[in-house]
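Have a look at the structure below, then the notes.
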Amino acid sequence: MASTSHCATPSPSLRCSAALFPTLASPPPFRRFAVTPLQTRRIAISPPRIRIPAVVSALESLVQESDDEDDEEEEDEAGMFKDDAWAAADERDAVRSPELEVPELEELPEQWRRSRIAWLCKELPAYKHSTFTRILNAQRKWLTQEDATYVAVHCLRIRNNDAAFRVFSWMERQHWYRFNFALATRVADFLGREGKVEKCREMLEAMVKQGRVPAESTFHILTVAYLSAPGGRCLEHACTIYNQMIQMGGYKPRLSLHNSLFRVLVSKTGGTAKHNLKQAEFVYHNIVTTNLEVHKEVYAGLIWLHSYQDVIDRDRIIALRKEMKQAGFDESIDVLVSVMRAFSKEGRVQETEVIWREILQRGLEVPAQAYVCRMEAYARSSEPMKSLDIFREMKRQSVPPNVATYHKIIEIMANAEEVDVAEQLMDEFAESHMKHLMPAFLSLMYMYLDLDMHEKLELTFSKCLARCRPNRLLYTIYLESLVRVGNVEKAEEVFDEMHKKGTIGTNAKSCNIMLRGYISAEDYKKAEKVYGMMCKKKYDVKEDSLEKLETGLRLGKKVAVKPKPVSMKLDQEQREILIGLLLGGTRIESHAQRGVHIVHFKFQEDSDAHSVLRVHIHERFFEWLTSASRSFDDESKIPYEFSTIPHLHFGFFADQFFLKGQPVLPKLVHRWLSPCVLAYWFMFGGFKLPSGDIVLKVSGGNSEGVERIVTSLHAQSLPSKVKAKGQFFWIGFQGTNADSFWKAIEPYVLDGFLGLKTHESGSTGSGDDQDTDSDDDIHRYGTEE
């Protein structure tokens, strides 16, 4: 019974006997009396004591009442700065929510109304969504907005924020509803503090739709909640809310929020974080224009981000260094190395050496990255042997070379075509048992390709396959070598292998190479076949190859007519892949044009498995992608989020998997669970536990839909168990059942996928918009009975 729930009940003045109501959803009627006007009284709601692990310092500033709990330390994030004290909350007054005034229950003159409201406050929090809504619907004849507001406030007071959200959502659907900005703000703030970012964002957007500017507290709390997501996977959303806070609301965020956002912007490696420069500059601009204190780490972080840009803004770096000195801050070793990196990218040897001497004068330990910057500077000024001398000097100074050092010196020697030196360095690097040998192998192979040393290139290709996980670029270089020497038969084998391997795949470049190979061998039948495939995938064909193909077909007395554009149609494999991804959490949205839809592919940046799957999906759906998403030749530059063009073919999947924008399970889903669908569901929204058990996350749906999936799996001799965790269902395969499931999907799983890191942040699927409190569900699955 609900009355035995652990949920808190109203104060003694609110309690009433559950025996008064034999029917749960419809308590007996009471005689109504005349209602006198009520005097509203402010009800205080203390902030929740639920803490979000990361960026907790910024969230502390929003607490409105004293908190007796001990302070918790923030989680350290791997990035440029390890000391996060500079990002702590400042001493300004806390950001407060608008005052919410509701009448006390005892002020109601009608006993029957007090009893019914008390009963709702006691019973509602114990039930889930369906029963919850039925109970409220049964009270529509007498429940007013003021009554429902009191129930929502009571749910907030007992820390059942989900129940408060459901009550508010139910209120919005009633004919008497009038938008209550203070209540909406309070519910949004409590949801955000608890990490319910999706619901908090929904409340914020509801305020905007009503023509109201959300309160500063709502912007602040939601930004912090997004920043608190593990691995920084909601950084983009955090930046959006932060920008809206300033541009839409006209608010001046607290220094702690500026610093917390800036810290996350520079928390990743330079190659990834460099795209955050524009946002970091915006944060810095807001700190300066609001006359807040600029910490030393902010100056250092900006210089660090500028040093990783492809085009160096030298004037901006000089200006930042000047402002940093005017603020009384000394340049740390990290700052000096960042400046060296920027100068070295432009080949400015003199400026790089000036910074080098300044580092030496300080008498501190010289980091290996400083040597790398010097090598880069001399290499760009056409002095590669000087770079080699610096590398040897580094070893004489007992500074152990790291991976980045070997990558750089091997690249420099390969570009200088110093074959013997490059090979010697490569052997030394391989014998050091360091990881990440792939960039060095690629540098050697490019050198051999330029020097027409194809035998050594093939040997290096074999060594790389034995030591590294192969990628498309490696195969493309080898394919180019085979075509150049005229070994078209071997090139065809390699090309077919690339096409069959999901982790490798083919692209426009490899297809153009193979097309050129067939044309050079005068095998125009196979060349025409490759050309047809390129037209279907919408790959760009080089003009010289196209002219030679037409000439060859004409000589072969075959009419050389350019193939007509192939009609867009999903093939069988693409349909199965899409179903698997939709079960794992991929989204489909309607387009402005009626009847057409867009598929949004979104992958986790902190997952090696998703990184590989991203490249495969990009290649497999290439012809369906937008022109912007197709403009990436280098697989490492393929974004982790891309979309298809709007098309009618996606309408069927949108109708089946989504209802009013929310994910659902199709009624016929049990008929579509082929091994290929299960494989892509596993790769996108599943994982394998250390115990060997396999778990699949179900995106959307209810228990009936999940039961149909379980029944279908059982019919395929794949027994499974289901557990409801948070907002999701999890389907698990244990012991021999897990072995049977893996045997069924293994032919469709990408090569080497199981050995990849499937998740770091504790979430599966795209998952960025999901509530952070559901991230721990997968860890509990294998430990609970």
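The values are calculated or read from the model by the stated rules, or taken from the named source; none is laboratory data. The model shown is predicted, which means the values in this text are computed figures rather than measured ones. Positions of Cβ are backbone-derived with ideal geometry, glycine not excepted, and every protein chain shown enters the neighbour counts. Each accessible area value is taken on the protein alone, full model and side chains, heavy atoms only, with ligands, DNA and RNA left out. Shrake-Rupley method; radii C 1.70, N 1.55, O 1.52, S 1.80 Å.
Among the residues here, N512 qualifies as polar (S, T, N, Q), open to solvent by less than 30 Å² (accessible area, probe 1.4 Å) and modelled with pLDDT of 85 or more.
The C-beta contact set for the range 598-625 (first residue under 18 Å from R472 (Cβ atoms) and at pLDDT below 90, second residue assigned to a helix (DSSP H, G or I) and open to solvent by 20 Å² or more (accessible area, probe 1.4 Å), distance under 6 angstrom, 6+ apart or interchain) comprises V615/E635. Could you say whether any residue in the range 691-699 is more than 28 Å from V612 (Cβ to Cβ) and among the aliphatic types (A, V, I, L, M)? For the range 691-699, residues more than 28 Å from V612 (Cβ to Cβ) and among the aliphatic types (A, V, I, L, M): absent.
Criterion applied to L678, L665, L718 was being assigned to a loop (DSSP other than H, G, I, E, B), under 26 Å from the mean Cα position of the chain (by Cα) and touching a residue at least 12 places away in the same chain (Cβ under 8 Å), and the one residue passing it is L665.
The C-beta contact set for the range 477-488 (first residue at positive phi, second residue assigned to a helix (DSSP H, G or I) and surrounded by fewer than 20 Cβ atoms within 10 Å (Cβ to Cβ), distance under 9 angstrom, 6+ apart or interchain) comprises G486/S520. Among the conditions (1) of a type in the set (K, R); (2) closer than 23 Å to I221 by Cβ; (3) open to solvent by 20 Å² or more (accessible area, probe 1.4 Å), R254 misses just one, which is (3). Filtered by the rule that a residue be assigned to a helix (DSSP H, G or I) and free of Cβ contacts under 8 Å to residues at least 12 places away in the same chain, the range 154-175 gives a lone residue, S169.
Checked against the criterion of being under 35 Å from the mean Cα position of the chain (by Cα) and touching a residue at least 12 places away in the same chain (Cβ under 8 Å), the candidates P384, P367 yield just one match: P367. Scan the range 454-509 for residues that are open to solvent by 60 Å² or more (accessible area, probe 1.4 Å) and either in a loop (DSSP other than H, G, I, E, B) or aromatic (F, W, Y) (or both) and the total you get is 3. Scanning the range 441-453 turns up at least one residue that is within 35 Å of the chain's Cα centre (by Cα) and open to solvent by 60 Å² or more (accessible area, probe 1.4 Å).
Considering the range 567-603, the residues that are among the charged types (D, E, K, R) and assigned to a loop (DSSP other than H, G, I, E, B) include one that is least open to solvent (accessible area, probe 1.4 Å), namely D571. With the condition kept exactly as written, say whether any residue in the range 214-233 is closer than 15 Å to F168 by Cβ and either open to solvent by 10 Å² or more (accessible area, probe 1.4 Å) or among the polar types (S, T, N, Q) (or both). Yes, that holds for at least one residue.
Every residue, every condition in (1) farther than 30 Å from F728 by Cβ; (2) open to solvent by less than 30 Å² (accessible area, probe 1.4 Å), yes or no:
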{"position": "W112", "(1), (2)": "yes, yes"}
{"position": "R116", "(1), (2)": "yes, yes"}
{"position": "A126", "(1), (2)": "no, no"}
{"position": "T131", "(1), (2)": "no, no"}
{"position": "I135", "(1), (2)": "no, yes"}
{"position": "R140", "(1), (2)": "yes, no"}
{"position": "C155", "(1), (2)": "no, yes"}
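Among the residues that make up the range 397-409, is at least one of them touching a helix residue (DSSP H, G or I) at 6+ places or on another chain (Cβ under 8 Å), crowded, with 16+ Cβ neighbours inside 10 Å and without any contact (Cβ under 8 Å) to a residue 24 or more places away in the chain? Looking through the range 397-409, none of the residues is touching a helix residue (DSSP H, G or I) at 6+ places or on another chain (Cβ under 8 Å), crowded, with 16+ Cβ neighbours inside 10 Å and without any contact (Cβ under 8 Å) to a residue 24 or more places away in the chain.
Among all residues of the range 99-106, there is at least one that is closer than 17 Å to T218 by Cα and at pLDDT below 90.
The helices (runs of 4 or more DSSP H) located wholly in the range 266-358 that include 2 or more residues which are within 28 Å of the chain's Cα centre (by Cα) and surrounded by fewer than 16 Cβ atoms within 10 Å (Cβ to Cβ) occupy 270-273, 277-289. The residue of the range 154-176 that is farthest from the chain's Cα centre (by Cα), among those that are under 18 Å from L105 (Cα atoms) and of a type in the set (A, V, I, L, M), is I158. Scanning the range 410-427 for residues that are more than 19 Å from A342 (Cα to Cα), open to solvent by 70 Å² or more (accessible area, probe 1.4 Å) and either among the charged types (D, E, K, R) or not in a helix (DSSP H, G or I) (or both) turns up E417, D420, D427. Take the conditions (1) free of Cβ contacts under 8 Å to residues at least 40 places away in the same chain; (2) open to solvent by 30 Å² or more (accessible area, probe 1.4 Å); (3) within 22 Å of E107 (Cα to Cα); V151 misses just one of them, which is (2).
Applying the condition of being among the β-branched types (V, I, T) and crowded, with 17+ Cβ neighbours inside 10 Å to the range 615-644 and asking which residue is farthest from E707 (Cα to Cα) yields I638. Screening the range 515-549 for residues that are touching a Ser or Thr at 6+ places or on another chain (Cβ under 9 Å) and more than 13 Å from F622 (Cβ to Cβ) and picking the one that is most open to solvent (accessible area, probe 1.4 Å) gives K548.
G692 meets each of the listed conditions (1) outside any helix (DSSP H, G or I); (2) surrounded by 22 or more Cβ atoms within 10 Å (Cβ to Cβ) apart from (2).
One line per residue, one yes/no per condition, for (1) out of contact with any Gly (no Cβ under 8 Å at 6 or more places or on another chain); (2) among the basic types (K, R); (3) farther than 30 Å from F753 by Cβ:
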| position | (1), (2), (3) |
| --- | --- |
| I412 | yes, no, yes |
| P439 | yes, no, no |
| H499 | no, no, no |
| I504 | yes, no, no |
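F632 falls short on exactly one of the conditions (1) under 20 Å from G505 (Cβ atoms); (2) in a helix (DSSP H, G or I), and that condition is (2). Close Cβ contacts (under 8 Å, 6 or more residues apart or on different chains) running from residues in the range 639-655 that are farther than 8 Å from H597 by Cα to residues that are acidic (D, E) comprise Y640/E605.
For beta carbons closer than 9 Å, sequence separation of 6+ or different chains, a first residue in the range 735-748 that is in contact (Cβ under 8 Å) with a residue 40 or more places away in the chain and over 16 Å from M683 (Cβ atoms) and a second that is open to solvent by less than 50 Å² (accessible area, probe 1.4 Å) and of a type in the set (D, E, K, R), the qualifying pairs are G735/D693.
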